1. Which numbered condition trips up Asn220, out of (1) more than 28 Å from the chain's Cα centre (by Cα); (2) polar (S, T, N, Q); (3) assigned to a strand (DSSP E or B)?
2. Here is a list: Lys330, Lys317. Which entry is surrounded by fewer than 24 Cβ atoms within 10 Å (Cβ to Cβ), farther than 19 Å from Leu432 by Cα and of a type in the set (D, E, K, R)?
3. Any residue that is surrounded by 11 or more Cβ atoms within 10 Å (Cβ to Cβ), at pLDDT below 95 and in a loop (DSSP other than H, G, I, E, B) - is there at least one of those in segment 160-168?
4. Restricting to segment 432-457, and then to whatever is assigned to a loop (DSSP other than H, G, I, E, B) and among the aliphatic types (A, V, I, L, M), can you tell me which residue is nearest to the chain's Cα centre (by Cα)?
5. From the list Ser319, Ser247, Ser215, Ser305, exactly one residue is hydroxyl-bearing (Ser, Thr, Tyr), more than 24 Å from Phe403 (Cα to Cα) and at pLDDT 95 or above. Which is it?
6. Can you tell me how many residues in segment 399-424 are over 29 Å from Ser170 (Cβ atoms), part of a helix (DSSP H, G or I) and out of contact with any Leu (no Cβ under 7 Å at 6 or more places or on another chain)?
7. Within segment 420-457, track down each residue that is buried (at least 18 other Cβ atoms within 10 Å of the Cβ), among the basic types (Lys, Arg) and farther than 15 Å from Lys388 by Cβ.
8. Restricting attention to segment 285-310, which residues are charged (D, E, K, R) and either over 28 Å from Asn385 (Cα atoms) or not assigned by TED's automatic domain parsing to the domain that holds Thr186 (or both)?
Amino acid sequence: MIGCLSLGRETFDVNFANEKIDLVKKRLNKLSNNIIFFEKLVTNDEISEEALSFFKQKKCKKYLIIQSTFTDSKFIKKFTKVFKKPIFFISFKEKRTGGRLRLNSLCGVNLGLHSLIKNKIYSDFVIFDKEVKYFNKKIVEFINNKDTLDKSYLKKIENSGKNFKQITYSNPKIALVGKRPDGFDTCDYEVSELKNKLHTNVSQISLKKLFKISSKIEKNEIINTKKNIGKNFKDLKNLNQIEVEKSISLFHGLEKIQKKEKFDAFAVRCWPEMFTEYGCASCAPMAMMNEKKISSACEADVLGSLSCNILNQLNNKPSLLVDIVDLDIKDNTAVFWHCGLAPISMAEKNKANVTVHSNRRKPLLHDFALKPGKITIFRVSKSENKLKFFIARGEIIKRKKSFSGTSGVVSLGKDTNKKIKKIFLSGLEHHLAFTYGNIFKDIQNLGTKLQIPTYTI
């Protein structure tokens, strides 16, 4: 028997997710009569315990996981400890409407795969969309015990050490503000590795301290910054001004901490406390820090922040940390997205707006399509529990905004779909950094200098 359950998070569009789940179940029932469904959507610890108890009685040989929305990897880790069986993920494609990212299902698969592969459990996934034949083929292969995995994964770059310019690398100092969210194994790091191999120091700062400093920012300073922001964002006046000013105060709070402690980068726990305790979003404040080339990463992702800092150092341009949230096989593109974290220099002239968070409905976030141009993609990674550099070349294509926040349609050349799949199946984290321009060889050289193995697709 094959077990099947669905994962979701209530801050996303659960009603829409349930519609998608019903379609998948109908398809699965046509493909096999040996599938047992746990009918509830797993959205919390209580329901997850029900799911575990349910499948303990069924003795399934393998499992299909319907990743209906974004979720962290907390349940997947627990599930695989109990059931040491093969797992196959089903994700959903979303229309690039320019509006809310309703599900963010693919990113959830990314987190799940990272966690599994860290524990040497190799898996696979398929996106449920109009490609009926391909979906059916992949599911049937999994059910029939065929090995469907592409084992080529990433390619190691053998550096000769020749013909590279000398790289200057200053030892970064990172502020970790708060702790990573539960289930975000993708944001883990090892202190000793950072110090000994990457010459990086991390200092812990509490959210309480940031909130205290930010709340004491002079009103005049906030108003002046709001006036300057308003020159670039004409729609700023349409948002809740009290919440806008709270958000701006966070920028000045980060700025004061950075100047006093001489930090090069931040890794910030950006939810839920920013919304529930301080009353605003930290996205635009962090975008403003990114514009100053003080890399600011979401979800307390220290290695993500370091990845951005390295790009800043090598390229002397702002960088950005993104999720991969959509994949279109026919279009040969993917979508890089984050809530509203991109610096304004990454927007085309006069095409940037501001908005509220799509799930939490509070400001301040940047809202625009990333400008077209060649990019270098990079990540300091701990996939498979091994420290490595990952680099790739790509291009942001001139397209309309895909989803609310800051997003860009990305091509990785030929077979973008296969390359993205290799990234996922190699266990890379759900955050990748990028900067405009080609500094592929510079990163390659830095990997040689620091003796960090370097990989590409």
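The values are calculated or read from the model by the stated rules, or taken from the named source; none is laboratory data. Since the model is a prediction, treat every value here as computed from it, not as a measurement. Ideal geometry is used to build each Cβ from the backbone, glycine not excepted, and the neighbour counts take in all protein chains shown.
1. (3)
2. Working: Lys317 fails: farther than 19 Å from Leu432 by Cα.
One residue alone meets the criteria, Lys330.
3. Here is the first cut: in segment 160-168, the ones surrounded by 11 or more Cβ atoms within 10 Å (Cβ to Cβ) are 164, 167.
Of the ones still in play, those that are also at pLDDT below 95 are 164, 167.
Pick out the ones that are also in a loop (DSSP other than H, G, I, E, B) and you get 164, 167.
Yes, there is a match, as at least one residue in segment 160-168 is surrounded by 11 or more Cβ atoms within 10 Å (Cβ to Cβ), at pLDDT below 95 and in a loop (DSSP other than H, G, I, E, B).
4. Filtering segment 432-457 for residues assigned to a loop (DSSP other than H, G, I, E, B) gives 437-439, 451-453, 457.
Checking the rest, the ones that are also among the aliphatic types (A, V, I, L, M) come to 439, 452, 457.
Details: Ile439: 22, Ile452: 23, Ile457: 18 Å.
So the residue we want is Ile457.
5. Values: Ser319 fails: more than 24 Å from Phe403 (Cα to Cα); Ser247 fails: more than 24 Å from Phe403 (Cα to Cα); Ser305 fails: more than 24 Å from Phe403 (Cα to Cα).
Result: Ser215 is the single residue among Ser319, Ser247, Ser215, Ser305 that is hydroxyl-bearing (Ser, Thr, Tyr), more than 24 Å from Phe403 (Cα to Cα) and at pLDDT 95 or above.
6. Qualifying residue count for the region: 3.
7. Lys421
8. Taking segment 285-310 as the starting set, the residues that turn out to be charged (D, E, K, R) are 291-293, 299, 301.
Glu291, Lys292, Lys293, listed by residue number.
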